[in-house]
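The next block holds one structure in the form of structure tokens; read it before the comments.
The values are calculated or read from the model by the stated rules, or taken from the named source; none is laboratory data. Since the model is a prediction, treat every value here as computed from it, not as a measurement. Cβ coordinates were reconstructed from backbone atoms using ideal geometry, including for glycine residues, and neighbour counts include every protein chain displayed. Ligands, DNA and RNA are excluded from the accessible area calculation, which covers all protein heavy atoms including side chains. Shrake-Rupley method; radii C 1.70, N 1.55, O 1.52, S 1.80 Å.
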Amino acid sequence: MLLPDFYNIKQIVSEGNTHTVAVRLNKQHPIYNGHFPGTPVTPGVCTLQVIKECAQEIVGYPLTTCNVASCKFVGMIIPDKHSDLAIRITLDKSEDLWNCRAEVASEEAVLLKLKCTYRPK
């Protein structure tokens, strides 16, 4: 885990190669004291790490990111407003690489869209 106690996985529901991971962010995590004081926002790099760690949980072994084809931050993840997230991950294996399409959403809207490639670490 990138940051101890930053988030926890509540549930993973899989249908074929598409997986929906229910994640709860810890709104009290110290990272929010500095990003940003008085107006906490989840750092984008932390969101990308959470997606990768969810993918690792799904495939069962460590991964490393080897390519990011596109990454769109559609909205800010505000922990007081978006502590419960649904991360929808589609993983397609091609030789020793995992092609990933992911969306991070709150109950209200999609907040991030990602297309990337992972390889075993």
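Going by the alpha-carbon gyration tensor, a ≥ b ≥ c the square roots of its eigenvalues, is region 45-106 rounded (a/c under 1.5) or, if a/c is not under 1.5, prolate (a/b greater than b/c) versus oblate? Prolate.
The heavy atoms of residue 101 present about 120 square angstrom of accessible area, all protein chains included, probe 1.4 Å.
Here the simple spin-label model places points 7 Å from the Cα toward Cβ, and for residue 71 and residue 11 these points are separated by 2.9 nm. Applied to region 109-121, the Karplus parametrisation 6.51 cos²θ - 1.76 cosθ + 1.60 on θ = phi - 60° returns per-residue 3J(HN,Hα) values of 6, 6, 10, 8, 10, 9, 10, 8, 10, 10, 10, x, 7 Hz, with x for Gly and Pro. Other residues lying with their Cβ under 13 Å from the Cβ of residue 18 contribute a combined charge of -1, Lys and Arg counting +1, Asp and Glu -1. Once all protein chains are placed together, residue 113 keeps about 90 Å² accessible to a 1.4 angstrom probe. Only the Cβ atoms of Lys and Arg (+1) and of Asp and Glu (-1) were treated as charged; on that basis the dipole of region 39-121 about its Cα centre amounts to roughly 300 debye.
Using θ = phi - 60° in the Karplus curve 6.51 cos²θ - 1.76 cosθ + 1.60, the 3J(HN,Hα) couplings for region 15-21 round to 9, x, 9, 10, 10, 10, 10 Hz; x is entered for Gly and Pro. Tell me the label only: which of (i) -0.32, -0.70; (ii) -0.34, -0.63; (iii) -0.28, -0.64 is log10 I(q)/I(0) by the Debye sum over Cα atoms at q = 0.10, 0.15 Å⁻¹ as calculated from this structure? Recomputing log10 I(q)/I(0) by the Debye sum over Cα atoms at q = 0.10, 0.15 Å⁻¹ here gives the entry labelled (iii). Positive end of the dipole of the chain (Cβ unit charges, origin at the Cα centre): among 99, 19, 9, the Cα lying farthest that way belongs to 99. Helix 44-59 against the longest principal axis of the chain: what's the angle in degrees, Cα atoms only, rounded to the nearest 10? For 44-59 against the chain, the angle is about 40 degrees. For GluC sites (Glu not before Pro), the sites in region 1-106 that DSSP calls loop and that have at most 14 other Cβ atoms within 10 Å are 95. Once all protein chains are placed together, residue 1 keeps about 130 Å² accessible to a 1.4 angstrom probe. For the residue pairs 93/121; 93/113; 27/121; 10/72; 10/121; 52/113, the C-alpha atoms sit more than 21 angstrom apart in 27/121; 10/72; 10/121. For the chain, carbon and sulfur atoms together expose 50% of the accessible surface, with a 1.4 angstrom probe and every protein chain in place.
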